[in-house]
Amino acid sequence: MTEFAAVKAALKTQAVETPSWAYGNSGTRFKVFAQPGVPRTPEEKIDDAAKVHEFTGAAPTVALHIPWDRVDDFAALAKHAEERGLRLGAINSNTFQDDDYRLGSVCHPDAAVRRKAVGHLLECVDIMDATGSRDLKLWFADGTNYPGQDDLGERQDRLAEALAQVHDRLGDDQRMLLEYKFFEPAFYATDVPDWGTAYAHCLKLGPKAQVVVDTGHHAPGTNIEFIVATLLREGKLGAFDFNSRFYADDDLMVGAADPFQLFRIMYEVIRGGGFTSDVAFMLDQCHNIEAKIPAIIRSVMNVQEATAKALLVDRDALAAAQRSGDVLAANAVVMDAYNTDVRPLLAEVRTELGLDPDPVAAYHRSGWAERIAAERVGGQQAGWGA
């Protein structure tokens, strides 16, 4: 009973940040699919994010993407979020949707293009000041498609220079989160292709610079939990972008492809002391064919379930088996926790928090989907690039 009480107490502190863009229309390279009731403005995205938090109790912040979520008054947008029980979270930059960035942004061979890109990143810090956001999340599509296209070492120098400029602009309580991706859209060489490159840049920059682990941004067979354990050991794990992949950067619902991997990652987070507000647990997903709000609720629940199972690992028994070299016993401890049905436990947690034990069912009963489909008629639906 004491063990379950501690697990429940920990779960009540969990927070998962949802991304504004997940509430908009998205699709494949071939087609973006529209849905009824999709938000048309950043304010409506926040309204939908508030519903996720209302029914899960675990999604108190929503990340913004600039320029997709640009408004005239960001302080007013933060107030809008506050009135709906939310805070504005990470500010995500965009240096990949402009014709000038065909050959890169901060790594571009043309200094004028690099200045433009850095100017956008500095604008994002200004927005952080207005919204009270702690984190600036950086992902760069920069890279090359052909051998000889550009000097790989010089591109790293340009990247380091740009990151330093932005890092110097950050306030005392602000952070820079550097994301990596091993390919796409650059196919020969990506300028931030792996955790080692991101770590090296962040290490040089200082304590305000941390690494983001996007669970979809790895080659097949990569041991992501090893990366998590190493970054935690070095004090450089700043955030997650949670999603699922079968083949590449699929951006499916977290836990959909490999829930066992999500469990293993969360165990390393807990074991390594990363289950704190210092590590941001964010979703980065595209809901192309499924209803968006229920999918995001389900994603939050998937993270909660993986976390609950990870918290149930008998670490004393595991350590004893490891010390004695009992391979099967050690594995059995891990598998016993993973195979535990934690849904009743999480239902108790939600009930104790005054929530419905079944967030998805509660959302469907709320009538919100029908209301927004009826009210959000006309105007420009939000989506990729809007």
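The values are calculated or read from the model by the stated rules, or taken from the named source; none is laboratory data. As the structure is a computational prediction, the values presented were derived from the model and not from experiment. For neighbour counting, all protein chains shown are included, and Cβ atoms are generated from backbone atoms with ideal geometry for every residue, glycine included. All accessible areas refer to the heavy atoms of the entire protein, side chains included, with ligands and DNA or RNA removed. Shrake-Rupley method; radii C 1.70, N 1.55, O 1.52, S 1.80 Å.
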When restricted to G196, G235, G274, the only residue under 23 Å from Y338 (Cβ atoms), of a type in the set (G, A, S) and more than 14 Å from the chain's Cα centre (by Cα) is G274
Of the residues in the stretch 39-51, those that are open to solvent by 20 Å² or more (accessible area, probe 1.4 Å), closer than 30 Å to M266 by Cβ and not acidic (D, E) come to K51
The condition of being of a type in the set (K, R) and crowded, with 22+ Cβ neighbours inside 10 Å holds, among K116, K137, only for K137
By residue number, the members of the stretch 1-41 that are touching a strand residue (DSSP E or B) at 6+ places or on another chain (Cβ under 8 Å) and farther than 24 Å from G238 by Cβ are G24, N25, S26, G27, V32, F33, A34, Q35, V38
Flagged pairs (Cβ under 7 angstrom, 6 or more apart or on separate chains; first in the stretch 346-362, more than 19 Å from A295 (Cβ to Cβ) and open to solvent by 30 Å² or more (accessible area, probe 1.4 Å); second part of a helix (DSSP H, G or I) and of a type in the set (K, R)) are E348/K8; P357/R350
Within the stretch 314-345, the count of residues that are in contact (Cβ under 8 Å) with a residue 24 or more places away in the chain and among the small types (G, A, S) comes to 1
Checked G206, G196, G148, G153 against criteria (on the phi > 0 side of the Ramachandran plot and either without any contact (Cβ under 8 Å) to a residue 24 or more places away in the chain or polar (S, T, N, Q) (or both)); the one match is G148
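Out of A59, A117, report the one residue that is in a loop (DSSP other than H, G, I, E, B), aliphatic (A, V, I, L, M) and in contact with a His (Cβ under 8 Å, 6 or more places away or on another chain).
It is A59.
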Of the candidates P19, P60, P36, the one satisfying the condition of being open to solvent by 10 Å² or more (accessible area, probe 1.4 Å) and under 26 Å from A306 (Cβ atoms) is P60
Is it true that E225 is under 17 Å from the mean Cα position of the chain (by Cα), touching a residue at least 40 places away in the same chain (Cβ under 8 Å) and open to solvent by 10 Å² or more (accessible area, probe 1.4 Å)?
-> yes
When the stretch 185-222 is checked residue by residue, the ones that are buried (at least 21 other Cβ atoms within 10 Å of the Cβ) and among the charged types (D, E, K, R) are D191, D214
Considering only helices (runs of 4 or more DSSP H) wholly within the stretch 234-345, the ones with at least 3 residues that are touching a helix residue (DSSP H, G or I) at 6+ places or on another chain (Cβ under 9 Å) and closer than 30 Å to K204 by Cα are 259-271
If we keep only residues of the stretch 74-111 that are assigned to a strand (DSSP E or B) and aliphatic (A, V, I, L, M), then the residue surrounded by the most Cβ atoms within 10 Å (Cβ to Cβ) is L88
Taking the stretch 149-184 and keeping residues surrounded by 15 or more Cβ atoms within 10 Å (Cβ to Cβ), in a helix (DSSP H, G or I) and in contact with a Pro (Cβ under 9 Å, 6 or more places away or on another chain) leaves R155, R158
